[in-house]
Structures are given as structure tokens and as C-alpha cells.
């Protein structure tokens, strides 16, 4: 599937022929504007009114915006129920709920807290919109608090337990949105008993068709694929950077506007398994996290006037060069329109990126072009790479992030699936993973139930037989231990036709 590095022509008024603005106003979530100050727990829909941050990203000068623009959060397709004596919402996922280590009843929590209310994230974890650095303040911006209760699940989890489907979360916009940004705060929690800690984390799969997710920024645990937002920590916990995932994901709408964004919520236990709750109604535990949304003010107000000029990124890879601290990056575009150049950027913490070099684009071109760049000094054990594609008019958009390990075995690669969608079979490409390591491969249905399981060596590309599987959305989960001792986990979404 192509990843759209969007390049839009914004039909904005200009002053003295100047098209570049020092500030990029964005619609954001913040206290005020009549937004709720109540507590949960509740499963009732929550409507939030955006405010206009006119000085983004430098400060937070929030003001009302006309026409009024809202986002309504609603829960559906709940897979678990609980007695209302345990949680007032009576469901496995609720808005505005805390956790308790002394009572079986889930306590009340703010429905619309500041981002610093849970998870210990920092401003550097977030990006208000594509092409802008930062712009979200954890002490000024808010979001809807969501609680994924672990109480309906078995208390003791075996190792490598597949994740559990919990509910669907729908965000409905009263006015169409183009390329909104979703911010997730504090995905992850844990339970300690007899000095043994077991973690778990909420993860999100996007169900809305025609959109593609891309990571803008976040903690080291915060991972974004085309269709998923996940926590890569093998032992999830509640603090960002130490097991909890926080960050910002761009929802690329390919120049179209969307009025609804639907996520499917899952809970994944730690890879090691263990006890995740007390199983005696004396505790009520779960993963409390926050979701927020922002959007360029100009994109929202002129959503129907945007003319898409996409640069189509067909492939982007980053691999360590054997026996060195160098990384080889390669990317291919299927087509380009007004593409000025690519900035190659690197980070050692997955949050703060620095420019390494610029590579000239092709301007406008209908055929494929392949690019390459070698970072001669990767240096750290782990390095993160991304591309910043810049149009002739200065509009910039970021690619997905690729991770490279400079440990003994070099690359922390990524698995792939092709074709996808598939009918009778699909190929699982493990060519970027070390051939000396063995990986467990599970095919799961939409509820997290295991349908197939096999062990495959890295460096291989086995064919997966799908003939016996029912058409629909599947997950191919690849787990294992890298040759350098680090854990590997990747969930791939597969459509069986």
C-alpha cells in the first residue's frame, strides 16, 4: 500500500505576496469553551468543542472558533460487561474512570483532564500538526480519558497471550476534517503482587477506510503503522518512557475530508504473562489513558477547497551496514508533484529529531524514482530515521519512522505481508530480520483468538495458507528475541478476501 506524503495547496489569503506564516493556527482541545468538567465513569458519548490556538506552536493563545467545530467520542461493540457495582458504566471500557488498589469499585476520574493527568508524558512527545515541531502543551491541552478495565479478563495470563478485543471508539466530527492529528497519552499500566509486576497496554487499530496513520512524534514505546497505534514495550507500565506509550499520529486522508474516525481497542498483556488483577473484587485495575485531537485551522475551515497534490512514497527502509555503525536508507516514490526535497532526520530517543542532510526531489514526475542516503555515524545502539518531504511552496509532511539497531546483529527490521488483501495465501516477509533468530507467528481473528501458529527463522519469506480461514480482518502477530537480546514484536493487519 502506498503511504501518502501529502502535499496540499492551501487556498489562503496572502499579505504582501507572503505565503509563509510564522505561526500555524490549529484547532485543539483545551479547558473552556463549555467543555465538560464532570467525572465518570460513564459509557455515554462525550462531545468536545475545539478551540483555536492562534499562536501555535509558540504559545497557547486559545480563542473561540467559528463555525463551532466539535468532536464526539462514543463507545460501541463492547465485548465485556461488568456489574454496575464494579464500575458505574457497566462495561469493559469507560470514559472518566480511575483505578483502585483497595476497592473493587472503579473510582471517578475527570472526563476531560489535562494531558499531564496520567502517564507522565512531556511536551516533546507531541506534535500539533504535520510540518510543525511541537505545539502541544501537557499543562494546557486536554483530552478524553478512557479506561480499559482488566477485571473482565482472567487474572493470570500465560506468556505470549494474544491481545483481547474490548470495544470500538468512534470520533465523529460535526465538520469535515483533513489530516487531523490524534494524540495518545499513557497507553500502559501494571499490577504488582508479591513484588512481581505484570504489565498490560491498550492498543488501537483504525477501522476507517481510506485513511493511513503515520507517526509524528512520541516516546520510544509509541509505534504507529499504517493501520495501528501500539505500545512496543514487552513489559508495559504506567509511566511514559518506562513502559507507557505517548505520542502523536497523523491521520492522512489523502486530500479528502472525513467526518468519522473509528478505532478498535485491544488490551495486550505483557509478553511474559503474569497476574494482572486481584481476582477477588478488592481491586479494580486497568489502563487509564487519554486521547486528544488537533487540526490545522486552515484545513478545517477550507476543507472543501484543498486540492491534493500527493507525493506517493511506495517504500522506505533503513538497515544497518554489517560490521559498521552506518545505516543505509532507501526510499522509492511512485509519483511526485511539486516535490522540492527530502530532509533525512535522525533521533536517538524516538522523540527529538535532527536533520542529517537534504536530498533533492524530482519536482513533478509521473514515474517511479528511487533515492538513497547513508548515515556514516549512527553511533547509538538504537537510532530512529524519518523523511521530511517538502513541497515547492514549503508545505512539509513526515514519513513513517524506521528504527535501526547498531548492536552486534545490526538491524531491527520490520516484517511485511504481500499481497494484502489476500485470498488463498500471503507471503510473510521476514527478510529484514536476523536469520539467526527464530520468531513465533500467530494468525488471530478480530477477537484476538488464535487461528494458526508457527515458528519461522528470520531472513525467510514463508507462505501463509489462508484457505481454511474465514474472510475478514486478521492480525499476523510476530514475536521473538533478537540476536542482541532485545525483544521483537510486530502486529500486521491482513485482509482475507
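Residue pairs, Cβ under 6 Å, 6 or more apart or interchain, first in the stretch 301-326 and in a helix (DSSP H, G or I), second at pLDDT 75 or above. List them.
303/176; 303/178; 303/257
So which of 60, 125, 52, 56 is in contact with a helix residue (DSSP H, G or I) (Cβ under 6 Å, 6 or more places away or on another chain) and under 18 Å from residue 181 (Cβ atoms)?
Values: 60 fails: in contact with a helix residue (DSSP H, G or I) (Cβ under 6 Å, 6 or more places away or on another chain); 125 fails: in contact with a helix residue (DSSP H, G or I) (Cβ under 6 Å, 6 or more places away or on another chain); 56 fails: in contact with a helix residue (DSSP H, G or I) (Cβ under 6 Å, 6 or more places away or on another chain).
None of the other options fit; the residue is 52.
Could you pull out every one of the strands (runs of 3 or more DSSP E) wholly within the stretch 23-81 that has 3 or more residues that are over 16 Å from residue 97 (Cα atoms), touching a residue at least 40 places away in the same chain (Cβ under 8 Å) and within 23 Å of the chain's Cα centre (by Cα)? Outline the logic, then answer.
Values: elements: 26-28, 46-49, 51-53, 70-76.
Ranges flagged: 26-28, 70-76.
Could you tell me whether any residue of the stretch 430-448 is exposed (fewer than 13 other Cβ atoms within 10 Å of the Cβ), under 26 Å from the mean Cα position of the chain (by Cα) and at pLDDT 80 or above?
no
Give, as residue ranges, the strands (runs of 3 or more DSSP E) completely inside the stretch 96-201 that count at least 3 residues that are modelled with pLDDT of 95 or more, assigned by TED's automatic domain parsing to the domain that holds residue 78 and closer than 30 Å to residue 67 by Cβ. Give the steps one after another, and end with the answer.
On the way: elements: 144-149, 164-177, 181-187, 189-193.
Qualifying strands (runs of 3 or more DSSP E): 144-149, 164-177, 181-187.
Looking only at the stretch 125-140, count how many residues are over 16 Å from the mean Cα position of the chain (by Cα) and under 28 Å from residue 389 (Cα atoms).
In the first step, residues of the stretch 125-140 are kept if they are over 16 Å from the mean Cα position of the chain (by Cα); the result is 131-140.
In the following step, the residues that additionally are under 28 Å from residue 389 (Cα atoms) were identified as 131-138.
Count: 8.
Looking only at the stretch 466-492, which residues are surrounded by fewer than 13 Cβ atoms within 10 Å (Cβ to Cβ) and more than 23 Å from the chain's Cα centre (by Cα)?
Those that are surrounded by fewer than 13 Cβ atoms within 10 Å (Cβ to Cβ) and more than 23 Å from the chain's Cα centre (by Cα): 467, 468, 470, 471, 485.
What pairs come out if I take residues in the stretch 83-105 that are free of Cβ contacts under 8 Å to residues at least 40 places away in the same chain and pair them with residues that are part of a loop (DSSP other than H, G, I, E, B) and surrounded by fewer than 24 Cβ atoms within 10 Å (Cβ to Cβ) whose C-beta lies under 6 Å away, six or more apart or interchain?
Within 6 Å, the pairs are 84/90.
Checking the structure you have, find out if any residue of the stretch 366-382 is assigned by TED's automatic domain parsing to the domain that holds residue 339, on the phi < 0 side of the Ramachandran plot, assigned to a strand (DSSP E or B) and modelled with pLDDT under 80. Before you say what the answer is, go through the steps one by one.
If we filter the stretch 366-382 for residues that are assigned by TED's automatic domain parsing to the domain that holds residue 339, which is where we start, we get 366-382.
Filter again for on the phi < 0 side of the Ramachandran plot, leaving 366-378, 380-382.
With assigned to a strand (DSSP E or B) added as a condition, the list becomes 369-375, 382.
Imposing the further condition that a residue be modelled with pLDDT under 80 reduces the set to 382.
Yes, the stretch 366-382 contains a residue that is assigned by TED's automatic domain parsing to the domain that holds residue 339, on the phi < 0 side of the Ramachandran plot, assigned to a strand (DSSP E or B) and modelled with pLDDT under 80.
The values are calculated or read from the model by the stated rules, or taken from the named source; none is laboratory data. Remember, predicted model here, so these are calculated numbers, not experimental data. All Cβ positions, even for glycine, are placed from backbone atoms using ideal geometry, and neighbour counts span all protein chains on display.
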